[in-house]
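Contents: one structure, followed by commentary.
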Amino acid sequence: MLKVINVVGARPNFMKVAPIVEEMKRRAEEFAPLVLHTGQHYDAQMSDAFFRDLGLPEPDVYLGVGSGSHAVQTAAVMQSFEPVVLELKPDWVLVVGDVNSTLACALVCSKLGIKVAHVEAGLRSRDRTMPEEINRLLTDQLADLLLTPSEDGDENLRREGIPDERIRFVGNVMIDSLFGQLKRAETSRVREELGIAGSDYAALTLHRPSNVDERETFARILDALEEISSRLPIIFPVHPRTRARIGEFGLTERVERMQALRLIEPLGYLDFLRLYSGARLVLTDSGGIQEETTALGIPCLTLRENTERPITVELGTNRIVGTNTHKITQAAFAALDAPRESNQPPRIPPLWDGRTAARICDALLEKGNQ
Ligand code: UD1
């Protein structure tokens, strides 16, 4: 029986951990799973809504660290996590993704000699100005078991000198949540509430510091959105970081004038799935949404200069367009003018099949008994 602490901290973690905990609970003779929430994200719409939508059990441990600079937040997670691990003595700690909580918990465990499994290992943007890239590089150096979502991840890890025994290609666990919740998401009334059911619209998310913490970049993106919104409404659930910057940069009036750019509160998992799955086009700077749109065959424009998820460009529907106004607008119009490919099934990357959580559990058992 393996006792596993499953760590969640920020919004993109919940949909990765939910299917893993569910699988562990199903295999109750093999696993004793615990859920630990660091509290990096704490607003109801950034956290609670996801527990509800994904059927994730209430956390067994809540650290309540909250927001702060990178150093403050990472240190706060480490300080409050260490006594918990010492007390609970897990066989494994499982961390996911690339947020500050991921690295903080991996670092604590590696010093205490507690085994760490990293889900979504091996992804690289090769852009060290991204805080997530630092978190990814370091977490992968520390973890005992590296569970990759795509084979480019395996290659990246090998190139960094990580031995094959630590690497397992298991597929993309976000897609377990996506396929598992598609049917339930049909009960969401979000399209009706927004008055866009049956019509063309785009969905937008924007929260990367490189896009929203610099006024000029943010303004360039807004210029593009203004042009695109002359063709179709853009629904924009606004991340708290982004909401704060709009106010600080004095952009509120400008945004309010753009009537077809519709700012709404952040959405829960099911409502957001319902929103983007019906969109003509998605514009985003998120990592996970590049993957979700690929799995559903929805055209996606990534407003960044690079991606750690190249398979979504090679096989999927993703295009990296950067933050130049003209480039974004051209790419959006090209996507809108292209024939709809609804007759063709999306090209889904290998092992993005809804069964990744089971492979993760198998890998843990195999490693755990070595
Ligand atoms: C974090 C992750 C990022 C992920 C994103 C998803 C890191 C380094 N970054 O970025 O990889 O894509 O989550 O959302 O871990 N805030 C609230 N309520 C909350 C949480 C945050 O109002 O529940 C506000 C706070 O003012 C905070 C700011 O948002 O200072 C940013 O939060 P933080 O957790 O530092 O980073 P994110 O931008 O959310």
TODO: From the C-alpha gyration tensor of segment 188-342, pull out the three semi-axes of the equivalent ellipsoid (sqrt of 5λ each), sorted largest to smallest, in whole Å.
DONE: 21, 19, 15
Task: Protein accessible area in segment 52-169, 1.4 Å probe - carbon and sulfur % - done: 52
Open item on the list: Given a 1.4 angstrom probe, I'd like the percentage of the accessible area of segment 188-342 that is carbon and sulfur, rounded to a whole number.
Closed with: 46
Open item on the list: So for each of 309-315, 332-338 I average, over its residues, the number of other beta carbons within 10 Å; can you give me the resulting order with the highest mean first?
Closed with: 309-315, 332-338
Open item on the list: Tell me the accessible surface of R245 in square angstrom (1.4 angstrom probe, heavy atoms of protein chains only), to the nearest ten.
Closed with: 50
Open item on the list: Through the Karplus equation 6.51 cos²θ - 1.76 cosθ + 1.60, θ set to phi - 60°, convert the phi angles of segment 77-92 into ³J(HN,Hα) values in whole Hz; use x for Gly and Pro.
Closed with: 5, 4, 5, 7, 6, 4, x, 5, 5, 4, 6, 7, 6, x, 6, 9
Open item on the list: Modelling each spin label as a point 7 Å along the Cα-to-Cβ direction, I'd like the Q330/Q259 distance in nm, to one decimal.
Closed with: 3.1
Open item on the list: How much length would be gained if the chain were fully extended between L182 and E58, taking 0.36 nm per residue of separation minus their Cα-Cα distance, in nm to one decimal?
Closed with: 42.4 nm
Task: Percent of C-alpha pairs per 10 Å bin, segment 56-205, short to long - done: 10, 31, 30, 20, 8, 1
TODO: Could you pull out every one of the lysines with an alpha carbon less than 30 Å from that of K183, ignoring same-chain neighbours closer than 8 positions?
DONE: K16, K25
TODO: Go through segment 194-201 residue by residue and turn each phi into a ³J(HN,Hα) via Karplus (6.51, -1.76, 1.60, θ = phi - 60°); whole Hz please, and just put x for glycine and proline.
DONE: 8, x, 10, 4, x, 10, 7, 7
Task: Cα coordinate range in the chain, projected on the principal axes (Å, largest first) - done: 59, 45, 41
- [ ] Mind jotting down the distance between the C-alpha centroids of segment 198-249 and segment 37-89, whole Å?
- [x] 28
TODO: Please report how far the C-alpha centroid of segment 1-36 lies from that of segment 308-370, rounded to the nearest whole angstrom.
DONE: 24
Task: Accessible area expressed per residue, the chain, with surrounding protein chains retained (probe 1.4 Å, Å²) - done: 42
- [ ] Tell me what the chain gives for mean residue ellipticity at 222 nm when only DSSP H runs of n ≥ 4 count, each as -39,500 (n - 2.57), the sum divided by the residue total, rounded to 500 deg cm²/dmol.
- [x] -14000 deg cm²/dmol
TODO: Using label points projected 7 Å from each Cα along Cα→Cβ, tell me how many nm separate R27 and L138, to one decimal.
DONE: 3.1
Open item on the list: For a quick check of your reading of the filter: which trypsin sites (Lys or Arg not before Pro) in segment 80-150 sit in a DSSP loop and have no more than 14 other Cβ atoms within 10 Å?
Closed with: R126, R128
Open item on the list: Modelling each spin label as a point 7 Å along the Cα-to-Cβ direction, I'd like the D223/L88 distance in nm, to one decimal.
Closed with: 4.9
Open item on the list: What does the extension gain come out to for T129 and E151, with contour length at 0.36 nm per residue minus their alpha carbon separation?
Closed with: 5.5 nm
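The values are calculated or read from the model by the stated rules, or taken from the named source; none is laboratory data. In this text, all values refer to a predicted model and were calculated from it rather than measured experimentally. Note that we place each Cβ from the backbone using ideal geometry, even for glycine, and neighbour counts take in every protein chain shown. For the accessible areas, the whole protein counts, side chains as well, though only heavy atoms, and no ligand, DNA or RNA atoms are used. Shrake-Rupley method; radii C 1.70, N 1.55, O 1.52, S 1.80 Å.
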